[in-house]
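In what follows, a single structure is set out as structure tokens and then discussed.
We did not get these values from a lab; they are worked out from the coordinates using the rules stated. All of these numbers come straight from a predicted model, not from anything done at the bench. Virtual Cβ from ideal backbone geometry, glycine too; neighbours counted across all protein chains shown.
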Amino acid sequence: MASMRPRQSPSSDSEADSDDNVTGPDEIQHTDLSDTIFKSYLQITGRSSPDLSKIQAFLTSSRSGALSCLICLERIKLSHPTWSCSSGCFAVFHLLCIQSWARQASDLAAERALTRLSREHFPVAAANALESSVWNCPKCRVEYTKSQIPKTYFCFCGKLENPPSDPWILPHSCGEICGRPLKYNCGHECLLLCHPGPCPSCPKLVKSRCFCGTVEDVRRCGFKNFSCNGVCSKFLDCGIHRCLEVCHEGMCPPCRARGIYRCRCDRTEEERECCERNFRCAIPCERLLGCGKHFCDEGCHSGPCGVCPLQGKRTCPCGKKVHEGMACDVAAPTCGSTCGKMLNCGLHRCPERCHRGPCLETCRTVVMKHCRCGSLKKEVPCYQDLACERKCQRVRDCGRHACRRRCCDGDCLPCSEICGRKLRCNNHKCPSPCHRGACAPCPIMVTISCFCGETHFEVPCGTEAEQKPPRCPKLCSISSLCRHRSNCKTHRCHYGACPPCRLVCEEEYPCGHTCKLRCHGPKPAPNPEFTLKPKKKKSNQQTGISPGSPCPSCPELVWRPCLGQHIGAEQMMVCSDRTIFSCQNLCGSLLRCGNHYCTKPCHALKGQSTLSLHGRSESCEECDLTCQKERTPACPHPCPRPCHVGECSPCKALIKRSCHCGSMVHVFECTYYNCLPEKEQLNVRSCGGPCHRKLPYCTHLCPETCHPDQCPSPDKCCKKITVRCACQTLKKEWLCQDLQAAYRKKGLDLKDIPKNQFGLGLLPCNSECTNKVKAIEAELQLRKTKVTEVKEVSTENHVPKRRKKRERMQESREISKLQATVATLWKCLVFISIIIYKDREKDFQEIEHPQHRASCHYSVGLVDKS
């Protein structure tokens with residue numbers, strides 16, 4: 001069943017403006033039914049008609065949720081029974097509200113009639129007053145009888161009782177063709193579906209003539225009376241001239257043609273309009289009547305003057321006595337009796353004798369009269385009215401104010417005060433005369449429209465605060481001012497500012513990037529905000545054109561090199577940020593020397609185009625280092641020249657090389673020595689004397705000539721060495737090689753034997769050795785006893801701790817002074833030795849002949865051969 005439900009989507013933007021767009025279970029939003037309702041009418045006419053505006057306004061109010069009852073000011077929901085005024089305003093009310101309203105109004109009218117008519121004296125009139133009481137429509141005040149009080153809920157056309165609520169048809173309608181007779185009694189019926197409001201004009205085609213009757217045309221029956229816009233040309237009332245007005249409805253106007261016309265008596269000529277041609281002049285007639293004795297006393301007239309009024313039968317002035325045959329020029333005599341004519345009071349007759357002329361104007365007969373309220377009784381002349389000074393205390397029809405009229409006869413006048421009670425709309429006061437019962441609803445309808453006024457609907461006064469303006473289907477007439485005016489989406493008519501452009505700005509920066517923010521260009525002047533009442537305070541709303549804001553700085557992230565344009569030191573920066581930064585690494589550019597690199601922090605180099613605009617370029621540092629190139633051939637001495645381009649000059653420094661045995665130091669020119677082969681260098685370094693190096697396995701010196709590498713055959717040493725027993729009592733001379741063989745037999749490593757114990761313990765001890773050992777032990781025992789006695793004596797001499805501490809501090813001070821003295825002497829010796837070394841080095845460099853430098857060598861010191 002869920003799939004059979006109609007799609008309940010709002011068909012108008014105004015429906016979205018209703019209160020929170022919330023619909024209860026009994027308030028189903030209906031779709032836009034305008035096309036369905038007007039379909040049959042539009043099929044005949046082919047276009048819309050002004051007669052449909054009332055129905056269209058009702059549909060707009062219904063869709064927007066603005067349809068309200070004038071009596072209770074509550075919204076009329078789709079399921080509420082309603083009644084609509086079918087005579088004048090076609091307003092829609094709740095059925096219960098209009099029933100209550102009609103009963104109260106009719107009962108109040110009947111009660112007002114009964115106060116004037118007593119049921120005891122006028123029972124028939126009182127009964128008729130109850131039956132003929134009327135009530136009025138709350139809006140248009142059209143009168144309805146008591147029998148016309150609605151009792152049941154009908155659709156708008158009145159054919160269906162209790163119409164169901166269906167979202168596919170108009171609320172409170174039966175959905176069938178209206179069928180009500182159209183106005184002007186043309187004989188046709190309404191072709192629209194059951195609808196509120198007046199039926200439109202008849203759309204049938206009929207032949208009809210214009211107002212003047214000269215043009216015949218086929219017209220809509222509802223508009224068959226038309227004007228041909230030509231001259232009317234009908235004869236006017238005068239029968240002479242024709243109507244010169246444009247073809248019009250109704251009687252032709254009076255003839256305004258001017259001419260000279262005579263009065264009725266033909267004695268005066270005047271220029272007048274044709275419609276005033278039959279006029280009377282101000283000259284009296286004064287023609288002699290037929291009697292020949294009297295003159296006509298009438299004014300200007302045409303035709304004969306008539307018979308003399310004094311001829312024929314005549315009476316006395318009071319009319320009681322008749323005289324016949326009297327001449328017209330003789331006055332009729334009085335009869336002498338009482339006049340007896342009825343006076344103006346209508347109660348008494350004239351008491352005078354028969355007389356000529358009018359009777360007395362005032363009746364002076366004294367009568368007993370009662371005042372109107374009946375509280376005073378008095379004899380007064382008939383012409384005089386009797387009124388007391390008592391004020392009426394009865395309450396008037398309004399039930400609020402007293403009569404307060406002097407000497408009231410009981411029929412109090414209606415209250416002349418203005419009601420002034422605040423109406424239910426809370427905006428106006430009741431303008432009606434003071435009355436009983438509830439005040440009529442505020443008759444004012446507030447029109448709520450869109451900004452252009454094309455779409456609008458009316459709501460009762462008092463409900464406009466809850467309404468929102470309808471959404472108009474027309475497009476907004478304000479054109480966009482931003483750069484996307486050709487691509488911007490169109491929007492509907494609205495109040496307030498136009499919606500902002502939601503496209504991306506895409507304006508190009510000088511750097512080549514485009515602005516990716518939402519459009520922030522100029523905005524047109526906004527429309528006024530929707531309001532129903534003028535604001536007292538001045539609004540701060542912007543009324544002029546908003547110039548918009550410029551594009552911000554380019555926010556794109558780009559890799560920006562440092563000042564020195566080092567690889568890998570680029571930083572991610574905002575494109576618009578032109579800040580120049582240093583990567584704090586060393587510059588690393590090759591200096592002019594061609595050997596070293598700039599050690600300054602990262603800086604701009606001269607000639608870089610990227611920094612020419614900033615003027616912050618600087619040159620790299622000057623190389624102030626000595627030459628650090630490796631010489632060829634390899635040389636340990638640095639180049640004495642400052643750092644330079646190209647190869648270094650040959651090294652002229654003197655180098656010291658000791659001989660192989662270390663007993664002599666040779667001085668060579670560095671280039672000469674390094675250019676020699678390795679074998680030649682070994683030969684040159686030999687001093688030619690004995691080796692003077694100790695052998696590895698004994699304490700003797702090498703007997704060979706100064707030679708490189710290790711001494712040959714160290715285990716064949718032929719030197720003699722003294723061998724002793726373990727107690728060193730016995731001794732004997734052996735050859736060194738025999739001694740080494742003895743150690744090897746014992747499995748000892750010769751390198752592990754200390755040199756001071758070399759040959760000790762190889763001879764076995766005898767008896768002499770044991771006696772000597774015993775004598776030594778006895779002597780040692782005696783020494784130990786003496787030491788223990790000295791310790792015991794020292795323990796007996798107890799010294800306090802403070803004294804010991806003081807003595808230790810003095811000893812440490814003496815030691816520190818001694819150490820300071822020794823350190824000073826040591827520094828002096830080091831300084832003197834440095835000076836001596838530098839002087840000797842200068843002497844070596846000042847050799848007379850450079851060609852002999854390579855071969856000459858000086859003996860610096862001899863090694864002690866012992």
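For the reader, a short list of remarks on this structure follows.
- Relative contact order for segment 715-777, counting Cα pairs under 8 Å that sit 6 or more residues apart, in percent: 40 percent
- In segment 715-777, taking the dipole from charged Cβ atoms about the Cα centre, the farthest positive-side position among 741, 765, 775 is held by 741.
- With the simple model of a label 7 Å out from the Cα in the direction of the Cβ, residue 565 to residue 349 spans 14.6 nm.
- Cα lying deepest toward the dipole's positive end in segment 613-749, options 671, 654, 689, charges on Cβ: 689
- Net dipole in debye of segment 344-446 [+1 Lys, Arg Cβ; -1 Asp, Glu Cβ; about Cα centre; nearest 20]: 380 debye
- Loop-located GluC sites (Glu not before Pro) in segment 128-230, at most 16 other Cβ atoms within 10 Å (DSSP): 176
- Distance between the modelled labels on residue 820 and residue 427, one decimal in nanometres: 11.1 nm (7 Å Cα→Cβ projection).
- Shape of segment 320-372, Cα gyration tensor, a/c cut at 1.5: prolate
- In a simple Cβ point-charge model (Lys, Arg +1; Asp, Glu -1; nothing else charged), segment 150-261 has a dipole of about 420 debye relative to its Cα centre.
- Taking a ≥ b ≥ c as the square roots of the eigenvalues of the alpha carbon gyration tensor, segment 193-238 is prolate, as a/c is not under 1.5 and a/b beats b/c.
- Each residue in 667, 307 was given a count of other beta-carbon atoms within 10 angstrom of its own, and listing them fewest first yields 307, 667.
- The overall shape of segment 255-387 is oblate: from the C-alpha gyration tensor, with semi-axes ordered a ≥ b ≥ c, the ratio a/c is 1.5 or greater and a/b is no larger than b/c.
- The largest-to-smallest principal axis extents of the Cα set in segment 715-777 are 40, 21, 19 Å.
- Compactness ratio for segment 566-710: Cα radius of gyration over 2.2 N^0.38 Å (N = residue count) comes to 1.90.
- Cut-off 20 Å (backbone N to label point 7 Å along Cα→Cβ of residue 271), residues of segment 221-245: 241
- Surrounding net charge for residue 589, when Lys and Arg each add one and Asp and Glu each subtract one, Cβ distance under 11 Å: +2
- Residue order, fewest to most surrounding Cβ atoms within 10 angstrom, among 221, 675: 675, 221
- Each of 82, 365, 821 was scored by other Cβ atoms within 10 Å of its Cβ. Arranged with the fewest first, they read 821, 365, 82.
- Cα centre as origin, Lys/Arg/Asp/Glu Cβ charges: segment 715-777 dipole, Debye: 140 debye
- Among 734-742, 369-377, the peptide with the highest mean count of other Cβ atoms within 10 Å heads the list, and the full ranking is 734-742, 369-377.
- Spin-label model, residue 704 to residue 238: label points 7 Å out along the Cα-to-beta-carbon direction sit 17.4 nm apart.
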